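Here's the structure, in structure tokens; my notes come after.
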Amino acid sequence: MAKIKKNSHKILYRKYSSNLKYVMMIFTVFIITLFLPKQPRFRYEFEKNTVWKNKDLISPFSFAILKTNPQVSNDKKNALKNILPVYQFDKAISDNALEEFSNDFDIKWKSTQLDEKNRVLYKAESANLLKNIYQKGIIGLNIKHQAGAKHYDFSLMENNVSKTRNTQDVFTTESALIFFKANFKATNQVMTDLVSNLVIDHLVPNIVFDERLTQVIQDNTVNNISTTKGMVQKGELIVSKNDVIDEEIYQKLESYKTTYDAQTKTIGSRVLVYVGQVVLVSFILTILMSFLFLFRKDIFADNRQLSLILIVTTGMLLALTWAIKMEIPSLYYIPFCVVPIIIRILFDTRLALYLHMLVILIAGFFVANSFEFVFYQVTAGMVAIFSIKNFVKRERFLVSALFILLAYFVSFVGIALLREGSFREIEWINFLPFVFSVLLSLLAYPLIYLFERIFGITSDVALIELTNTNNKLLRELAFKAPGTFQHSLQVANLAEAAIFKIGGNSVLVRAGALYHDVGKVDNPQYFIENQNTAVSPHDKLPYEQSAQIIIQHVHKGIEILRKNQIPEAIIDFIRTHHGNTRVDYFYQSFLKNTPEKFVDENIFRYPGPIPFSKEQGVLMLADSVEAASRSLKNPDAQNINDIVERIINYKLEQNQLDDCDLTLKDIETIKLIFKTMLMSIYHVRIDYQQVLLIFFCRITCFTIFADLKTRSVGQILKVNGEVPERPKGTVC
């Protein structure tokens, strides 16, 4: 009972695993629709300079016509040009300057030891002039306000009253000093210079630029600029059917759409919108599940792979929802091409294209200009899938990114020309989101690795890494069982060539071939390819025990690969490369030498299962043929032909290929490839003399046949009155 409780979760999973996929589907629908925008969607799609194909559009409500962004920007620029910089008249600066001048004047006068009776007169006269200067005002000129001119208008604030002034109407420090020197009269030059130098130190601008107040006025002015230009009244015609959407009509439609979206946020029923979203998303996911059930039953039956597909779909749609709610400048920043790249590498081309189409269809309901959006993303997704058809090197990601960027660029230019009709009107800055999206699509590479580790899916990238002969397991195999390692290399070459010709995953079959005999590292001396002496360790063992040692390499190989976390797709090659065949040598030896004993055939039989994929079937044939070819004492063309035919026919007779989808045509192709490669391996030479005799015979026969219409056979063969003898060994 304790054991049942311990494994109860596994029992429940096996019992209800077929229903779990439907739970995942419902949960996915709930998550996607929970976060999607909940307002009704505008029903019309339109583009500038295209024909309005819908019926006449009558405004159901009154709305203001919005200005275009360039128009609003131009109005703001014009408004800012009319705003004068604001300067404050600071009386405190004037008072402090006059007081300091008075104190410094007395100190300076005493230090020069001048006549005291003139001090009061000159002090009063200079102070009065300086006071008049400050009353008129001294301004500190600002370079950015001059705009290339020396003088400019400004708004002067004094006692909260604003007056428009020009810099010519007030003093600068330079003009104030000139004014003072021109109006101050003294009896001698020494006195004039003394007072003038003292005034220079006390000329401080008291008309000061108020940057904060100027900015406030500018902001208020910009915010008060009208973003509309006229009204469309309720019942008024917006656009007629077959009208060309020019700039004016386009702006009315944009204004109508904006007003519609704003109203539906408060008027439309969020519950009904949510119901519509549930219906659409459920319908799309039902189509996806139907596709998997009909065409990819292996994925449909595997909840891990199915959950990965749903997670990728949900993640991309949640990213779209986040972008809509954050109101990012363009939804094209989102790397939608990540989906087809990930699915293509982890699964196949057809599923990648199909899933990408479904994601884009759902996204199209929640973006502006749906047709344009769908066109961009579908074409880019197709290019992404095609560009990584043969993913064998990491730089393929960069090549794929360049192709995706090129696809976006072609679509962008085509749509821009269709809309604007001029290269000069294209706003190239709008292409920047596509560049950013392509850069983000490179995130697919780490995501693929993450999904492989979490969901146990093997991609071509992982398989390529496994086929590296510097891998720890393969190096151990080469060191402990060099004969087995060489056998594995030859099997990999045979199987890869065959599967490449008939169609299949050549990287997968190569990886499977390199690891299929890794279980022999424990007892390599019990396998003939690793034996260096004429004495075999099996000579001292019973036939049953020898058979079990041979069979054990399958179990040991599975154990080693699982310990090293090698994917199950590779382990399946170990389980199936012998199928459920017998170890015939020891079985026949047992029958021959101990006929009186009862034989349990299962002792001499591999556990299986038989191959259940095309790649596994090809590996089984390559393994048996390569091993058998090593026993040939005279590996000529005839012997190689015979052994290949015999081995493959034997596998067919033993029903070892019943579960893999190899056709008779495939098997004939495999035979031909195996024969050709084995003859190349064993350097079988062609008998050129026999080939020349056959060629001569065929030429002679063709000539006879061609001339039968005009001459007899004797006439044809007769040369100089004689009939030549036929070379021995030739046949016509």
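The values are calculated or read from the model by the stated rules, or taken from the named source; none is laboratory data. None of these values were measured; they are calculated from a predicted model. Positions of Cβ are generated from backbone atoms using ideal geometry, with glycine treated the same way; all protein chains shown enter the neighbour counts. Only protein heavy atoms, including side chains, enter the accessible area calculation; ligands, DNA and RNA are left aside. Shrake-Rupley method; radii C 1.70, N 1.55, O 1.52, S 1.80 Å.
Worth a mention:
- Placing +1 on each Lys and Arg Cβ and -1 on each Asp and Glu Cβ, with no other charges, gives the chain a dipole about its Cα centre of roughly 1340 debye.
- Overall dimensions of segment 407-561 as given by Cα atoms, namely Rg and Dmax in Å: 26.4, 90
- Stretchable slack from residue 223 to residue 189, in nm (0.36 nm times residue separation minus alpha-carbon distance): 6.3 nm
- Taking 0.36 nm per residue of separation and subtracting the Cα-Cα distance, full extension of the segment from residue 103 to residue 665 would add 190.7 nm.
- Against the chain, whose longest principal axis is taken from its Cα atoms, helix 349-363 shows a tilt of about 30°.
- Dipole magnitude (debye, nearest 20) for segment 122-162, charges at Cβ of Lys, Arg, Asp, Glu: 120
- Principal axis dimensions, the chain - Cα atoms, whole angstrom, descending: 153, 92, 73
- Dividing the convex hull volume of the alpha carbon atoms of segment 258-354 by its residue count gives 120 Å³ per residue.
- Taking the centroid of alpha carbons for each part, segment 75-113 and segment 624-649 are 110 Å apart.
- Per the Cα gyration tensor, segment 472-563 maps to an equivalent ellipsoid with semi-axes of 26, 14, 13 Å, ordered largest to smallest.
- Length gained when the stretch residue 469-residue 430 is fully extended (0.36 nm per residue, less Cα-Cα span): 9.2 nm
- Cα gyration tensor, segment 124-258 - rounded (a/c under 1.5), prolate or oblate: prolate
- Crossing angle, helix 211-223 versus the chain [Cα axis fit, 0-90 degrees, rounded to tens]: 60
- Spatial separation of Cα centroids for segment 260-339 and segment 422-460, in angstrom: 18
- The GluC sites (Glu not before Pro) of segment 511-603 that DSSP puts in a loop, and whose beta carbon has at most 13 other beta carbons within 10 Å, are 596.
- Rounded to the nearest 10 degrees, the inclination of helix 396-420 to the longest alpha-carbon principal axis of the chain is 50 degrees.
- Hz values of 3J(HN,Hα) by residue in segment 552-564 - Karplus curve (6.51, -1.76, 1.60), Gly and Pro given as x: 4, 5, 5, 4, 5, x, 4, 5, 5, 5, 5, 5, 8
- Couplings 3J(HN,Hα) for segment 292-309, derived from phi with the Karplus relation 6.51 cos²θ - 1.76 cosθ + 1.60 (θ = phi - 60°), are 5, 5, 7, 10, 9, 4, 5, 6, 4, 7, 9, 5, 5, 5, 5, 5, 4, 4 Hz, where x marks Gly and Pro.
- In order along segment 200-210, the phi-based Karplus estimate (6.51 cos²θ - 1.76 cosθ + 1.60, θ = phi - 60°) of 3J(HN,Hα) comes to 3, 6, 10, 8, 10, x, 10, 10, 10, 5, 9 Hz; Gly and Pro are listed as x.
- The loop-placed trypsin sites (Lys or Arg not before Pro) in segment 617-686, going by DSSP, that have at most 10 neighbouring Cβ atoms within 10 Å of their Cβ come out as 633, 685.
- For residue 231, distant residues with modelled amide H under 5 Å away: 65
- For segment 564-621: accessible area per residue (Å², 1.4 Å): 46
- Of all accessible heavy-atom area on the chain, the percent that carbon and sulfur account for (1.4 Å): 58
- Entry note, the chain: the mean residue ellipticity at 222 nm calculated from DSSP H runs of n ≥ 4, each adding -39500 (n - 2.57), is -20500 deg cm²/dmol after division by the residues and rounding to the nearest 500.
- Förster-model FRET efficiency, 51 Å R0, residue 75 and residue 453, C-beta, rounded to 0.05: 0.35
- Length-normalised contact order of segment 505-604 in % [C-alpha pairs under 8 Å, at least 6 apart]: 35
- With a simple spin-label model that places each label point 7 Å from the Cα along the Cα-to-Cβ direction, the separation between residue 136 and residue 55 comes to 7.8 nm.
- Solvent-accessible surface of segment 211-343, averaged per residue with a 1.4 angstrom probe and all protein chains in place: 53 square angstrom.
- In terms of its Cα atoms, segment 293-337 spans 42, 15, 13 Å along the principal axes, sorted from long to short.
- When each of 91/144; 76/257; 520/614; 67/150 is checked by Cα-Cα distance, pairs over 31 Å: 67/150
- Annotation note: chymotrypsin sites (Phe, Trp or Tyr not before Pro) in segment 404-454 located in DSSP loop regions with a Cβ neighbour count of at most 13 within 10 Å are 423.
- Dipole magnitude of segment 439-522 about its Cα centre (Cβ charges: Lys, Arg +1; Asp, Glu -1), debye to nearest 20: 100
- The Cα center of segment 354-390 and the Cα center of segment 165-228 differ in position by 65 Å.
- Relative contact order [Cα under 8 Å, 6+ residues apart], segment 577-678, whole percent: 33
- Estimated from the Cβ-Cβ distance and a Förster radius of 45 angstrom, the FRET efficiency linking residue 681 and residue 592 is about 0.85.
- Across the chain, the relative contact order, built from alpha-carbon pairs under 8 Å that are at least six residues apart, equals 11 percent.
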